[in-house]
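**Q** This is the structure I want to talk about, given as structure tokens.
The values are calculated or read from the model by the stated rules, or taken from the named source; none is laboratory data. Computed from a prediction, not measured in an experiment: that's the story for all the values here. All Cβ positions, glycine included, derive from the backbone under ideal geometry; neighbour counts span all protein chains shown.
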Amino acid sequence: MESYATAQQVFAAGLIFARLGAIVMLIPGLGETFIPPRIRLAFALSLVLMLFPLVGAAAPALPTDSAGMALAVIKEVLIGLMIGGILRLFMTSLASAGEIVSIQTTLAFSQTANPMQAQPSTTIGTFLGLMGIVLIFVTNLHHLFIAAILQSYDLFPFRMNVPVADAGQLAVQTVGRSFALGLQLAAPVVVFSLIFNIATGLVGRVMPQFQVFFVATPLMLILGLSVFALSLGVIGMVWVDRYRELIGTFARP
């Protein structure tokens, strides 16, 4: 290896690959389960070759023992998992919105395979998840992913300890914001469902012989999906803006 690179350069590249590999395995779009792991790791390796001239000089010196080397690699992997996990957690906002819409439109039992998750989810949740992936690439948010990876070495240098407490607090805040955003995205359907259920309840009280269930269920499905379709553009724009704000915490201008 000395003919091509020094031991220090190989160690620095390995540290960069440890962080980038963990991030690429989790970030939305590139870290999906339907993408083969070899493709994701090959992409991470190509990023290492591009970022090594920029951040390789800041790498610590080569440890004298294997324990120090293993500790440095584990620390980089944990930082990469933290960044990729935070970016992945925010995708649950679309899943939450899909679950809420499905419950309100009586489609909660309509399950389908979700390529973004390891388990089936509602059809609307799967649709919103796929829409989120498409919006990430259409609006060039994946460019901010690369900027966040590069600037992570300013926020979390090689010699910095893993901020476990801060990472846990940020994860809790991200989950809370994701659920709140999911409820906000599904708000039009929730408001319509509330008004519709109150109206059908009043009709049932006025006309006890009226078959509310057989009439209300088809109307709830058709009108609820119509409201969801009309609000789909706003859902996409609001979600992209909130996701750009989240990435901005790592990729600051």
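**Q** Does residue 155 satisfy the criteria of being modelled with pLDDT under 85 and either under 18 Å from the mean Cα position of the chain (by Cα) or within 27 Å of residue 28 (Cα to Cα) (or both)?
**A** yes
**Q** Given 30, 20, 107, 71, which one is buried (at least 16 other Cβ atoms within 10 Å of the Cβ), of a type in the set (A, V, I, L, M, F, W, C) and not in a loop (DSSP other than H, G, I, E, B)?
**A** Going through 30, 20, 107, 71 in turn, the sole match is 20.
**Q** Yes or no: residue 110 closer than 21 Å to residue 221 by Cβ and without any contact (Cβ under 8 Å) to a residue 24 or more places away in the chain?
**A** Criteria met by residue 110.
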